[in-house]
Amino acid sequence: MAIETTRLGIDVDRTELERLYFAMARIRAFEDGVMRAFQSGELRGTTHLCTGQEATAVGVCDALGPNDAVAATYRGHGAALALGSDAEAMYAEFLGREGGICGARGGSMNVIDLQHRLIGCFGIVGGSIGAATGAALAAELTADGSVAAAFFGDGAVNQAYFHECLNLAGIRSLPIVYACENNLYGEWTPLAATTAGVERLAARADAYGIASEVVDGNDVLAVRSAATSAVERARRGEGPTFLELLTYRHYGHSRSDPGHYRPPEEVELWLERDPLPRVAAMLSEEVAALLHARAVQEMDDALEAARARPPADPGVVATSGRAG
Ligand SMILES: Cc1ncc(C[n+]2csc(CCOP(=O)(O)OP(=O)(O)O)c2C)c(N)n1
Ligand SMILES: [Mg+2]
């Protein structure tokens, strides 16, 4: 699918650019750590990396306020970090260590961090849509002024509850941002093989009277700008927005998937649109390198510290609340 790079001519000062770059570099470095832990056999089960999709997480989360709520997918490590979740506690979670962010009950796919506005990451495709729509309904009923955001993949737009939720949000003008991360694949199936109207998924929002925008999801400034407008619209009581964020995952669906079904030219094209170098190019080489090194060091330290923790007590499974 061809996309045009949207350079919106947004004025951003250098400090802002550095902050956004660092936020994305942290996610990249965190996921590299997850990959290493998986490859060494320390991290059991599976894990879904968001490497390549950092701009969607950072751009949307940056537009939200302190009382807003976010629901994300099993590919949600980036959203958690962008919201402020603790990297060491996340690694501890994935490694089954004491003090894991969900008491080592959830693992890689199911991060929840209410302190940082993350009401859940969901293994059920589209589960985030239901949770965030519920949060938006609560916001409307209590008139607390908060906004909800749901991250979900292109594969979720065929789920029945996607339609039920958008209908409800449309009817009640709920304060919600639907952030569809269109990375062209659902597992190893190309979008066009499963989805009608693939040229513009955002068109599905039209049916429910919901405003929509197609955005270059690898341009953090474009994502943040579109998300900011959507959040402001929601806060003004003007209802939901559907953002179709065009992006690409650098790796396969999960760690057991090498992604060989993707044409090499397609992968190459999207690597050229990598969201990190695009922001680095707006910074000095020296500053970009420094921020990158700082992010790597932080995540290396977090992984080491998580490794040094004792294994979680299996008894926490039967308890509620954050353990450790
Ligand atoms: C309800 C449901 N059906 C099927 C699955 C199996 N499954 C897991 S991920 C996935 C693909 C989802 O693709 P997409 O929504 O595009 O998200 P992406 O992984 O590309 O970020 C499927 C079908 C599931 N987890 N939940
Ligand atoms: Mg997808």
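Every number in this text was worked out from the coordinates using simple rules, so none of it is lab data. Worth saying up front: this structure is predicted, and the values here are computed from it rather than measured. Note that each Cβ is placed from the backbone with ideal geometry, even for glycine, and that neighbours are counted across all protein chains shown.
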Which Cα, out of Met35, Leu20, His116, lies furthest along the positive dipole direction of the chain (beta carbon charges, K/R +1, D/E -1)? His116
With no solvent and one point on each alpha carbon, what is the Debye value of log10 I(q)/I(0) for segment 62-155 at q = 0.12, 0.19, 0.23, 0.25 Å⁻¹? -0.35, -0.82, -1.10, -1.22
How many angstrom separate the Cα center of segment 116-165 from the Cα center of segment 252-324? 24 Å
Estimated D of the chain in µm² per second, where Rh is the Kirkwood radius over Cα pairs and Stokes-Einstein applies at 4 °C, 1.567 mPa s: 66 µm²/s
Hey, what number do you get for the chain at 222 nm if only DSSP H runs of n ≥ 4 count, each worth -39500 (n - 2.57), divided across all residues, to the nearest 500? -13500 deg cm²/dmol
Tell me the label-point distance for the pair Thr15, Thr194, using the 7 Å Cα-to-Cβ offset, in nm and rounded to one decimal. 4.4 nm
Mind checking which of Ala318, Thr228, Leu291 is farthest towards the positive end of segment 170-324's charge dipole, using Cβ charges of +1 (Lys, Arg) and -1 (Asp, Glu) about the Cα centre? Ala318
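Considering only the chain, what is the antiparallel percent among its DSSP beta bridges, to the nearest 5?
Close to 15 percent.
Could you calculate the contour length gain from Leu114 to Thr46, that is, 0.36 nm times the residue separation minus the distance between their Cα atoms, to one decimal place in nm? Walk me through the numbers before you get to the answer.
Details: separation 68, 0.36 × 68 = 24.48 nm, distance 2.37 nm.
22.1 nm is the gain from fully extending Leu114 to Thr46.
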Sequence ranges 42-48, 210-216, 150-156, 22-28, ranked by mean other-Cβ count within 10 angstrom, highest first: 150-156, 22-28, 210-216, 42-48
With charges only on Cβ, +1 for K and R and -1 for D and E, what is the dipole size of the chain about its Cα centre, in debye, rounded to 20? 700 debye
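What is the order of Ser146, Ser284, Ser173, fewest Cβ neighbours within 10 Å to most?
Working: Ser146 21, Ser284 11, Ser173 16.
Placing the least packed residue first, the sequence is Ser284, Ser173, Ser146.
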Here the FRET efficiency for Asn158 versus Glu304, based on Cβ atoms and R0 = 51 Å and rounded to 0.05, is 0.75
